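The values are calculated or read from the model by the stated rules, or taken from the named source; none is laboratory data. All of these numbers come straight from a predicted model, not from anything done at the bench. For neighbour counting, all protein chains shown are included, and Cβ atoms are generated from backbone atoms with ideal geometry for every residue, glycine included. The accessibility values were calculated without ligands, DNA or RNA, using every heavy atom of the protein model including side chains. Shrake-Rupley method; radii C 1.70, N 1.55, O 1.52, S 1.80 Å.
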Amino acid sequence: PNPGLTVVKTSDKTGEVKLGEKITYTITVTNNGNVTISGVKLNDSLTGDDWTLGNIKPGETVTKKTTYTVTEKDIIAGKVENHAKDPSGNDVTGKGEKTVTTEDSNPKITVTKETISTPKNGETYALGEEITYKITAKNDGNLTLTNVTVEDELTGKTGDKAFKIEGEFKPGDEKTFETSYTVTEADVLAGKVVNNVTGTATDPTNP
């Protein structure tokens, strides 16, 4: 008697995968020995799936599929461990491995600003008029950010008064703030009001 069990794992992805993308794995279990193997169990440690395959005869093949959703890990490494008993009661183990790489990590925050007020004359702001701004911070990268701070120096929103986003700021999350500024004589002389806003956050790959 020569009991043998092989496990082959393949994926439907040939290139890099992105955050949130699903990978479908095909797992093939083959009895490549010369005796029936009983009590065959298949486990995929990456996806957490378990199957009971029962008895597999010599030359017989059993195929299973499972899926995994890409998380914020840089590299997804899948591993399947299968344990079975041969007729003599000895352990028979087969392993299949498949590694799929992800896109590069890209921690990123984008801050945009727009004026949401209207001048009294409908055209230009006069001395003493108030300009209202809407500031939007968006996580348009692929990693969760923390300690997000948005500063608007013109309106005094800096330091302890800066806008802060508590907790995790996940990919795709968006947060808006409002602030205002009163036109001064210096602005009138300059003929314009320039307002710059900045956003900072903690990079999880380099905290």
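Numerical summary
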{"quantity": "Estimated 222 nm signal from helices in the chain, with DSSP H stretches of n ≥ 4 weighted -39500 (n - 2.57), rounded to 500", "calculated": "-500 deg cm²/dmol"}
{"quantity": "For the stretch 155-181 and the stretch 1-77, distance of Cα centres in Å", "calculated": "46 Å"}
{"quantity": "Pairwise FRET efficiency - residue 146 versus residue 24, Cβ, R0 = 30 Å, nearest 0.05", "calculated": "0.40"}
{"quantity": "Order by protection proxy (mean Cβ within 10 Å, highest first), peptides 185-198, 33-46, 102-115", "calculated": "33-46, 102-115, 185-198"}
{"quantity": "Those chymotrypsin sites (Phe, Trp or Tyr not before Pro) in the stretch 162-196 that DSSP places in a loop and that have at most 14 other beta carbons within 10 Å", "calculated": "none"}
{"quantity": "Cα-Cα pairs of the chain separated by more than 27 Å (percent)", "calculated": "57 percent"}
{"quantity": "Over 29 Å (Cα to Cα) - which of 9/138; 64/170; 134/192 fall in this group", "calculated": "9/138; 64/170"}
{"quantity": "Accessible surface, the chain, averaged per residue in Å² (probe 1.4 Å)", "calculated": "58 Å²"}
{"quantity": "Entries in 13/164; 13/108; 13/175; 18/157; 22/157 that, when Cα-Cα distance is taken, lie over 32 Å", "calculated": "13/164; 13/175; 18/157; 22/157"}
{"quantity": "Separation of the residue 10 and residue 176 label points, Cα + 7 Å toward Cβ, nm", "calculated": "4.9 nm"}
{"quantity": "Whole-percent carbon and sulfur share, accessible surface of the chain, 1.4 Å", "calculated": "44 percent"}
{"quantity": "Debye, to nearest 20: dipole size of the stretch 116-177, +1 on Lys, Arg Cβ, -1 on Asp, Glu Cβ", "calculated": "100 debye"}
{"quantity": "Relative contact order of the chain, pairs being alpha-carbon contacts under 8 Å that are 6 or more residues apart, as %", "calculated": "18 percent"}
{"quantity": "In sequence order, calculated HN-Hα J values of the stretch 107-118 (Karplus, 6.51, -1.76, 1.60; Hz; x Gly/Pro)", "calculated": "x, 7, 10, 10, 10, 10, 9, 9, 8, 10, 9, 10"}
{"quantity": "Principal axis dimensions, largest first and in whole angstrom, of the stretch 18-75 by Cα", "calculated": "44, 16, 15"}
